[in-house]
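Notes follow once the structure below has been shown.
The values are calculated or read from the model by the stated rules, or taken from the named source; none is laboratory data. This structure is a prediction, so every number in the text was calculated from the model and none was measured. Cβ atoms come from the backbone with ideal geometry, glycine included; neighbour counts cover every protein chain shown.
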Amino acid sequence: MKAKPPAPEPGEAPEPAGDARAPEPGRNDGPSPAGRFPQLVVAGFTFRRSFRGALLWGIVFGLFVYINVAGIIATYPNPQTRQEVARTLGTNPGLHAFYGQPVKVDTISGYVSWRTSTGFVLFGGIWAILTVTRLLRGEEDAGRWELLLSGRTTRRRAAAGAATGLGGSLVVLYIGTAVLSVVSGLAVTGAWSAVSGFYLALAAMGGASLGMVLAMIASQLLPNRRAAIALASAALGAMFLARAVADTIDSVSWLKWATPLGWVEQLHPLVGGQPAAIIPWAGIVLLLAGLAVFLAGRRDIDSGFIPSHDTAPPHTRLLGGLLGLNIRSSRLTLVGWMLGTAVWSAIFGVLAKTAAEVVSQSSAFSSFLGNLGARSRAVEGFIGFTFFFIVILLAVYAASQAIATREEEARGYLDNLLVRPLGRGRWLAGRLAVSTAGLVALGLTAALAAWIAASAEGAGVGFVKMLAAGLNPVAPALFILGLGTLAHGVMPRSVAYVTFGVISWSFLVEMLGSVINSRFIIDLSVFHYVALAPAVDVDWKNTAIFIVLGLGAAILGGAGFRRRDLAGE
């Protein structure tokens, strides 16, 4: 016979019948949406971590459109002056390589569409690659992905959820750009319609969407974030280079349809491009995203789809000291950067003579050379203009080296060295020495590749001048490296924001230099002080100032690094 439960004491609530229990405060035993769909947790987490960056860059893109509208109206107020601009741009291969082929640039809509395209690709792509690798590969490297996968989900479903969250951040980027693009078009009578503004925002997503899926693929293929960033950046850079070659050399113009960035260019928003190019672009984005999700389910956690061998024959070369260790850890990355720099420089070296003959017939370009004091040196003027890309490239390399130094600490690798008789200052100095040597090697590679290619075409650029032109971008890059080291020593988690923030600001100021009337703002651009060598002599005074400032920032960063505790991610 089953015993009855004891009677409750006076003032005590009776115990519920059966196995029922009163729910604990804050407890919900019912099925939640996240319980039924665990991937929604991943999607929400990824979206929250990428939302702010997407919104910020959407606003920046929209303001970029508005500033270009205001700039062309202020600088070229009537159709006659815009016709002269169109004639100049139509004969400048260097501008074609950077911005793409101009279409109807004698109109406000055509000029804005052409002028903003490269900024969208570069900044959108860089933001996407850094964000995706941080949220996918970085979280996995830190061990937090394992905690997630210990719940009610699988690797493939978690990757699909992350892709969904990243897709949501793309939508935020689109909305921010679209709103301000529509406002910019409506603010000027007859500039473009609201529908065209939405179309422009769609084209602005090209670089971000491609950078995003490339980073997703790289995060599955390679076993750490640094390698994933390098692979995704190299792939996006190869797409940009193929598009630049297609826009510069008529005989290979078909390359526009062989690279996704060529498809984005074919959209030509605001001037009635080819909307059909959306199909292959959207197709490759969805295909690569699906491939990334598939690869995520085919590999083990905390590894890459390209596996690293657990055992291998010992290779102790360069491991006899700190300098050799630093060289060994960065040599493959440097070789990849050198190859890319050599190809880029050689292409423009080959084009130098022909391009100079064409653009020298432009009164605007002749005036530009005259302002530089190089009116009679059109070839050197063209190379000097294209070497501005090398300045940006070396600055990005310097930023990546500062970030890599920070990651050595964040991932715990530095702990294994500091337990030995090795001081923090010595380790940091070794890292900076190797990074500095890498910057010099990249500058010399650019100079030699351009000189050899130009000489083969009979351009006749002096060897000593080209070497000086190659070393010219090293000084501002050393300044960026010093700033990154200062951030590493004082605010270690802000290295990427500081370095790429300075680069982005300087690039935007240079692109909008004709619009900005404030001398103070222009002077805050790092690139403003870089001479366009070999068209003009290198400004060694500014070079020395950059080196001193970079060295001072590095010393301050080293002092802060020695005094603080090691910080993880």
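Give me the residue from the range 244-284 that is in a helix (DSSP H, G or I) and among the hydroxyl-bearing types (Ser, Thr, Tyr) and, out of that set, nearest to Gln101 (Cα to Cα). Top of the filtered list is Thr248.
Conditions (1) outside any helix (DSSP H, G or I); (2) of a type in the set (D, E, K, R); (3) at pLDDT below 95, marked per residue:
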site	(1), (2), (3)
Leu486	no, no, no
Thr499	no, no, yes
Leu508	no, no, yes
His528	no, no, yes
Val536	yes, no, yes
Arg562	no, yes, yes
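Would it be correct to say that Ile249 is surrounded by fewer than 21 Cβ atoms within 10 Å (Cβ to Cβ) and in contact (Cβ under 8 Å) with a residue 24 or more places away in the chain? When the stated conditions are applied, Ile249 passes them. In the range 426-444 there is at least one residue that is touching a Gly at 6+ places or on another chain (Cβ under 8 Å), modelled with pLDDT of 85 or more and over 23 Å from Gly460 (Cα atoms). Sub-7 Å Cβ pairs linking a first residue in the range 60-83 that is more than 30 Å from Gly501 (Cα to Cα) to a second residue that is not in a helix (DSSP H, G or I), at least 6 apart or interchain, are Pro79/Asp106; Arg82/Tyr76; Arg82/Asp106; Gln83/Asp106, ordered by first then second residue. When Ser504, Ser525, Ser518 are checked against the criterion of being surrounded by fewer than 22 Cβ atoms within 10 Å (Cβ to Cβ), without any contact (Cβ under 8 Å) to a residue 12 or more places away in the chain and farther than 22 Å from Val440 by Cβ, a single residue qualifies: Ser518.
A quick yes/no check of all residues on (1) of a type in the set (Gly, Ala, Ser); (2) in contact with a Pro (Cβ under 8 Å, 6 or more places away or on another chain):
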position: Val440; (1), (2): no, no
position: Ala450; (1), (2): yes, no
position: Ser455; (1), (2): yes, no
position: Gly458; (1), (2): yes, no
position: Gly462; (1), (2): yes, yes
position: Met466; (1), (2): no, yes
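Considering only the range 538-560, state which residues are in a helix (DSSP H, G or I) and among the β-branched types (Val, Ile, Thr). If the condition is that a residue be in a helix (DSSP H, G or I) and among the β-branched types (Val, Ile, Thr), then Thr543, Ile545, Ile547, Val548, Ile555 are the ones that fit. Taken as a whole, the structure places Gly560 among residues that are in contact (Cβ under 8 Å) with a residue 24 or more places away in the chain and small (Gly, Ala, Ser). Considering the range 268-286, and only residues there that are under 22 Å from the mean Cα position of the chain (by Cα) and among the aliphatic types (A, V, I, L, M), the residue that is farthest from Arg155 (Cα to Cα) turns out to be Ala282. Residues in the range 92-130 that are part of a loop (DSSP other than H, G, I, E, B), surrounded by fewer than 24 Cβ atoms within 10 Å (Cβ to Cβ) and in contact (Cβ under 8 Å) with a residue 24 or more places away in the chain: Asn92, Gln101, Val103, Lys104, Asp106, Thr107.
If the condition is being surrounded by fewer than 24 Cβ atoms within 10 Å (Cβ to Cβ), in contact with a Gly (Cβ under 7 Å, 6 or more places away or on another chain) and in a helix (DSSP H, G or I), then the range 222-234 contributes Ala230, Ala234. Under the condition of being surrounded by 16 or more Cβ atoms within 10 Å (Cβ to Cβ) and part of a helix (DSSP H, G or I), the residues counted in the range 285-301 number 7.
Across the range 65-84, the qualifying residues are those that are closer than 20 Å to Trp127 by Cβ and either touching a helix residue (DSSP H, G or I) at 6+ places or on another chain (Cβ under 6 Å) or not hydrophobic (A, V, I, L, M, F, W, C) (or both), and the one among them that is modelled with the lowest pLDDT is Asn68.
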